[in-house]
1. Quick one: with all protein chains in place, what share of the accessible area of region 190-281 is carbon or sulfur, to the nearest percent (1.4 Å probe)?
2. Would you work out which of ALA435, ALA320, ALA129 lies farthest towards the positive end of the dipole of the chain, given +1 charges on the beta-carbon of Lys and Arg and -1 on that of Asp and Glu, about the Cα centre?
3. Can you tell me the 0 to 90 degree angle between the C-alpha axis of helix 5-17 and the longest principal axis of the chain, rounded to 10?
4. Could you order peptides 314-324, 249-259 by the average number of other Cβ atoms within 10 Å of their residues, highest first?
5. More than 18 Å apart: what percent of Cα pairs in region 34-106 qualify?
6. If I model a spin label as a point 7 Å beyond the Cα along the Cα-Cβ vector, how far apart are those points for VAL401 and LEU49 in nm?
7. By average Cβ neighbour count within 10 Å, what is the ranking of 285-298, 31-44 from highest down?
8. So, R0 is 25 Å and r is the distance between the beta-carbons of ASP243 and LYS215; what FRET efficiency does that work out to, to 0.05?
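The values are calculated or read from the model by the stated rules, or taken from the named source; none is laboratory data. Since this is a predicted model, take the numbers as computed values, not measurements. Positions of Cβ are generated from backbone atoms using ideal geometry, with glycine treated the same way; all protein chains shown enter the neighbour counts. Protein only, heavy atoms only, side chains kept; ligands, DNA and RNA dropped before computing areas. Shrake-Rupley method; radii C 1.70, N 1.55, O 1.52, S 1.80 Å.
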Amino acid sequence: MRIHLHTLWFLGGLAACTQTSPQAPAPIGLLSVSPTTGPTTGGISVRLLGSGFSPQAVVSFDGVASAKTSWESEASLSATLPAHLGQVGLVDVRVQDVQDEEARTATLPKSFRYYYGATGFTGGPEQPATGTDPWSVAAEDLNGDKVADLVVVHYNSSSVSVLLGKGGGSFRPQVSYAAGRSPFGLQIADVDGDGKKDLVTGQYSSDPVQILFGKGDGTFEAAHPVATGAAPRGVATADLNADGKLDIVTANYTGSSVSVVLGQGGRNFAAPVSLPAGAGARAVTVADFNGKGGPDLAVWSETAMNVSLFLNRGDGTFQAGEVYPAGPKPYFGLAVDFNSDGKLDLVSANLSQSALLVHLGSGDGKFSPGKPCGQGVYSHHVASADLNLDGNPDLVVANYVVTGSVSVLLGRGDGSCGQELLFPAGKATTSVALADFDGDGRLDIAASNADSNNLSILLNSSQ
């Protein structure tokens, strides 16, 4: 058989055309990271899921490469989180993979959040003097200069003091106002609806609650008495009947009751309506415990050693709810979602017990028995905020001992307490307030010290 030359040329060309060209590596994909938060100190393992990973892949967080990236499969990597000291917030996570000298990258923008891994507090530039027996402290911007100020009540000097913040953790000397015979509890709120912060003080004795109406510049008018129950040691404010006017609630120690005083607009108030609570009612907090929208009440009673619930009917009247043991001498309590389930929990501070008690809420006005949290010393008062910016509320405790101290309990987000940190304060620490006193974006602590007649300013030095 004869084969023509042009036929051979055609077959050779066809063979050349059908030769396989080198294929480019398939692109990689990054779908998720877990966990999505980690400490600025680094060191934890982070797992990444995606596609197309090879053993040459390297993971970086905010441009900083992981010290160790481990290849698990084409769809999975693990990486050791690099340190990111002093820098918190959301960062990009990137995978870079080099195959056949070709780099491929995949990025998840703002998908990982660093939180402070080394939580710490240091003494501020000053420890401001107060009057005799500073019992309760609260923080708020009282004069509109965007700097946190402090208010302190002194139950043995019959006064309330205002210390205006200067920034940098420093304060102007106190300015004092008469506030009944023995001011005890304290709330800062716009009671008369004029846009200016007012001061509401409870009383250790049987005096009425005192309201000092603010002028908006950090100064206040003379105290205005409002009748409540007997010895209204605990005080809270909220709009209880949804009429747009702020109301007052007191826990009455001598009366063993809780009183509701409805605001009628301006500086007018209705007569108090009192409900029986436990013996020695001492503290009260207001929040929606059953998810029905109306502010409910929780009242801690020292002598009865319990916390009582009162559920709002929606019109500012209340029906008695459950009562729970709250440990020996519950001096104070608060409401916070401590296990991050969207339902409020209760925290009880007990003077005769080192640990706090955490009562997990079910969202229907009922709570679990209290579980111990922390190992503080004579817990007198507690406040809550996310101090290390990990998304979980933490607890700050005033420890009422001769050499006073403040405990910081880092929340895990599951209803339990993690690491407990202890910081020195003045003598016989009675209460704490949280605010950014030095303007660095981190929450600081102010603690009132009854025996040393001063405030301890603890500035957040977390890294």
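1. That share works out to 52 percent.
2. ALA320
3. 20
4. Packing proxy ranking, top to bottom: 249-259, 314-324.
5. The proportion of pairs with Cα distances above 18 Å equals 33 percent.
6. Taking the two extended label points, one gets 4.7 nm.
7. Result, highest mean first: 285-298, 31-44.
8. The calculated FRET efficiency here is 0.45.
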